[in-house]
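Enquirer: Next up is a structure, given as structure tokens.
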Ligand SMILES: Cc1cc2nc3c(=O)[nH]c(=O)nc-3n(C[C@H](O)[C@H](O)[C@H](O)COP(=O)(O)OP(=O)(O)OC[C@H]3O[C@@H](n4cnc5c(N)ncnc54)[C@H](O)[C@@H]3O)c2cc1C
């Protein structure tokens, strides 16, 4: 989308000062890497998220939703379209329901939600306290740690679902609907949901002239908790955070770069392939945990991409295992 295009001027007309143009994305990601988006719109509430997405669906502009930016690698060229930065962060606890629950807008920080639950002597979410992303990102990717995952806690999530090709007055139009999905509808598995799988298929099969827009947006989530014993909950939280501190490197990263293959660990394979500590420019495969790629300061997405390719080649050569990326690539990539 160029600044003199019709679509761009329509966007400016619709959103005016609400949209930042040619907006840097690096500071919205945990790796601090990546180029600009054509447009960036921040939303503060679920209704605002719905309203902005509606407008973008209508004018058929490519867009995506960014939560904590902790599971994405944005290309150096950035994203041609609009990024909705999800800052809808409301959280409510219901202590009297059976079981007690937390309702969270999808832009709420998942780790913070877990720590708020602990402060209310509610147990069940301690495992999530160190996860830096949003609740929406955690639903899409079935975030997990310490043997638990979103699938175990989620009761339901509200989704904005774009139905394709609804007939209205003989015109085929796309129409988004708000729906409540119970946990089983997400068909969760290891670091994945059917929403994530469908979006991957769609990106791979995008036809010419088709616009890259999410078919599903997570709006909010209702999470199951339990009343617990204050000291036990706090001890668990401290054990988990001590474990994280011992095993995970500090610094700007995306967390685990690759999924663990069945019966093994991506970090172990990368280390055994002799790549721990390998650097390209300012990007480094961590010396502490080989599945973490660190931006030492000023790294580019291309440098991180070189490391990804190196790992893919070496691990496949040595062990015959094709590692699968856990993170998502945003923008233009030749893969
Ligand atoms: C230091 C560190 C530690 C980590 N530890 C863990 C861990 O223990 N376990 C774990 O599972 N992960 C971990 N991660 C990875 C990451 O935090 C999780 O995957 C997190 O759930 C991603 O959420 P996010 O909001 O940052 O997603 P983003 O990176 O913002 O987005 C990821 C994808 O989800 C889409 N998306 C985001 N929000 C929505 C929405 N509301 N609706 C539709 N699509 C959406 C985006 O378009 C993108 O495709 C870690 C990352 C870091 C940096």
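No lab work stands behind these numbers, since they all come straight from the coordinates. Everything numeric in this text was worked out from a predicted model, so none of it was measured. With ideal geometry, Cβ positions are generated from the backbone for all residues, glycine too; neighbour counts draw on all protein chains shown.
Enquirer: log10 I(q)/I(0), Debye, Cα-only region 1-115, no solvent, q = 0.14, 0.16, 0.22 Å⁻¹?
Expert: For the requested q values the scattering log ratios are -0.62, -0.77, -1.21.
Enquirer: Still on this structure, I have one more. Starting from the 7 Å offset along Cα-to-Cβ, what nm value, one decimal, do you get for the label separation of residue 47 and residue 272?
Expert: 5.6 nm
Enquirer: For region 91-245, take every pair of Cα atoms, bin their distances at 10 Å starting from 0, and report each bin as a whole percent.
Expert: 11, 36, 30, 14, 7, 2, 0
Enquirer: When the helices in the chain are scored as -39500 (n - 2.57) per DSSP H run of 4 or longer and the sum is shared across all residues, what 222 nm value do you end up with, to the nearest 500 deg cm²/dmol?
Expert: -9000 deg cm²/dmol
Enquirer: If you don't mind, another one. If the viscosity is 1.306 mPa s and the temperature 10 °C, what translational diffusion coefficient in µm²/s does Stokes-Einstein give for region 250-330 when Rh comes from Kirkwood over Cα pairs?
Expert: 128 µm²/s
Enquirer: Within the P(r) computed for the chain, what percentage of the Cα pairs occupies the region above 24 Å?
Expert: 58 percent
Enquirer: Give me 85, 98 sorted ascending by neighbouring Cβ count inside 10 Å, so fewest comes first.
Expert: 98, 85
Enquirer: Also: Need one number: convex hull volume per residue for region 56-176, Cα atoms only, in Å³.
Expert: Per residue, the Cα convex hull of region 56-176 comes to 140 Å³.
Enquirer: Dividing the convex hull volume of the Cα atoms of region 208-258 by its residue count, what figure in Å³ per residue is obtained?
Expert: Output value, Cα hull per residue: 180 Å³.
Enquirer: In addition: Among 304, 84, which comes first, second and so on when ranked by fewest other beta-carbon atoms within 10 Å?
Expert: Result, fewest neighbours first: 84, 304.
Enquirer: While we're here: Please give the length that would be gained between residue 8 and residue 246 if that part of the chain were fully extended, namely 0.36 nm times their separation in residues minus their C-alpha to C-alpha distance (nm, one decimal).
Expert: Extra length available between residue 8 and residue 246 comes to 80.9 nm.
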